[in-house]
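A quick write-up on the structure given underneath.
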Amino acid sequence: MSTTSKRKHGHSSRTTGGSGGEKRPKGEEEKGQESDSKRQKVETRPPFVPPTRENGGMLGGLPLYGELLPAEGYTSVPVAARETCKRLADIILSVKDNKSGESSSTDSKSVSTQRRTSVILFTLLRQLNRVSNLYCKETRDGTQERKLSIDELHLQLQNLQYEAKHLQKEITSCYEFKSKHDDIDLISEQEFYESAPESLSNPEVTKTDSHKLMLARLEWELKQREQLASRQSSLEASIKSKLEQTQKLEEKLSRLRPGP
């Protein structure tokens, strides 16, 4: 029990002592000062401004790839990403050479500049990644919209093709239709113009329109057949009356004949 209480008491004393007036070691104080200075630098860092053609492709005060921002828009993203990766690779190789001692430029200011530039380049890569994802999404959405519109137009085309096919069948059936006037023995066109009255033949119209010519010929044929039918009926009535008269005369003559 005493050992446990001592451990708890020691832990509490260290905790209170750390939060109280005990001084921290010199190394910890230096690390704290460095973190405070870094925090102040972060707080005073200017806001992120993406590179555009208006600001000459500047990012964080560094001319990164102003020449890689043409008016093509999204088409420059792969080129910018490739150039950014190339610059990052150059910075990494430069830092590696500095550490290995192969290069004489070991200035701390140059190292901090390369570090800042690499951070900005990584930020730029993330931005390019977002832009490329946005472009892919817009492309997919646009493709889907175009696909829907194409499907709608294709459906309309199929409907029109079906209607055209149906109309073609109707036209073919009309051409193949056999009318009864083909079996009627009509007079020739010359006889029609000679015998038919001009009010019916109407040469100014019928000579240029075969359909109206056929209608006029059929009408004239109908009138002629009606005349012939009425004449036939009158002749049949005349023949019948004459036959009756003949029969009466025969009966009268038979009565006047002397007996055997």
Practice prompt. Name the one entry in Phe192, Phe122 that is surrounded by 12 or more Cβ atoms within 10 Å (Cβ to Cβ), in a helix (DSSP H, G or I) and not assigned by TED's automatic domain parsing to the domain that holds Ile92.
Written response: Phe192
Item to complete: Evaluate segment 136-145: report whether one residue or more is of a type in the set (Gly, Ala, Ser), surrounded by 10 or more Cβ atoms within 10 Å (Cβ to Cβ) and part of a helix (DSSP H, G or I).
Response: yes
Worksheet entry | Long-range neighbours under 8 Å by Cβ, at least six apart or interchain, first residue hydroxyl-bearing (Ser, Thr, Tyr) within segment 175-202, second in a loop (DSSP other than H, G, I, E, B) | Ser195/Ile187
Fill in: Members of segment 196-230 found to be polar (S, T, N, Q) and closer than 17 Å to Ser179 by Cβ, listed by number
Ser210
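The values are calculated or read from the model by the stated rules, or taken from the named source; none is laboratory data. As the structure is a computational prediction, the values presented were derived from the model and not from experiment. We place every Cβ from the backbone using ideal geometry, glycine too, and count neighbours over all the protein chains shown.
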